[in-house]
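Worksheet for the structure shown next.
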Amino acid sequence: MNNKIFKENAEKEYFSGEGCFINELFNEADNNGASIAKAAVEPGMITENHLLKETDEWYYILEGRGEMFLDGKMIGVVSKGEIVHIPKNTPQFIKNTETTKLVFLCFCVPAFKSEVYERLLLEGHN
C-alpha cells in the first residue's frame with residue numbers, strides 16, 4: 001500500500017437509510033483492508049437497529065453524548081474520547097440523548113461493504 005493522505009470531503013456526506021449522516025473518509029474494500037466513516041446523529045434521533053456481517057466495527061466519539069445499544073440492551077452512555085467495540089454479527093444502534101449532534105468515527109475491519117449491512121427489526125424501535 002502506498003502512503004497517502006486522505007482529506008474529508010464534506011460534499012460526500014449523505015443521509016443514510018440507517019438514520020444518520022455518513023461521510024465515508026477511507027475504504028480499502030478491494031483488498032480486505034479497513035474503512036473509516038464519519039457519522040453524525042441529530043439530537044433525539046436513533047440509528048436503525050442493524051448488524052454488520054463479517055465486519056468488526058469501532059466507534060470513536062468525537063462530540064456529543066449518546067446511549068449505545070448492543071443486542072437490544074443499553075451498554076452505557078458514550079461521550080467524547082470514548083471507543084465502543086462492536087463485534088461482527090452484533091445487533092447495534094445508538095441514540096443521541098443531547099440537544100447537539102452526536103458525531104463519531106466508524107472504523108471497520110475488514111472494510112465496510114454494503115452487502116455486510118443487515119437491517120434488523122426491534123420492537124418499539126423501528
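What follows is calculated from the coordinates using simple rules that are stated; it is not laboratory data. Please read all numbers here as calculations on a predicted model, not as lab measurements. Because the Cβ atoms are built from the backbone with ideal geometry, glycine has one as well, and the counts that use them run over all protein chains shown.
Based on a Kirkwood Rh over C-alpha pairs, give the Stokes-Einstein translational diffusion coefficient of the chain at 10 °C and viscosity 1.306 mPa s in µm²/s. Rounded, D is 108 µm²/s.
Which value in nm describes the separation of the simple spin-label points at GLU82 and PHE26, placed 7 Å from the Cα toward the beta carbon? If labels sit at GLU82 and PHE26, their model points lie 2.5 nm apart. Of LYS7/LYS38; LYS38/LYS113; LYS7/LYS53; LYS7/LYS95; LYS73/LYS95; LYS88/LYS113, which pairs sit farther than 23 Å apart, going by alpha carbon to alpha carbon? The answer is LYS7/LYS53; LYS7/LYS95.
Protection proxy ranking of 48-59, 109-120, by the mean of other Cβ atoms within 10 Å over each peptide's residues and highest first, is 48-59, 109-120.
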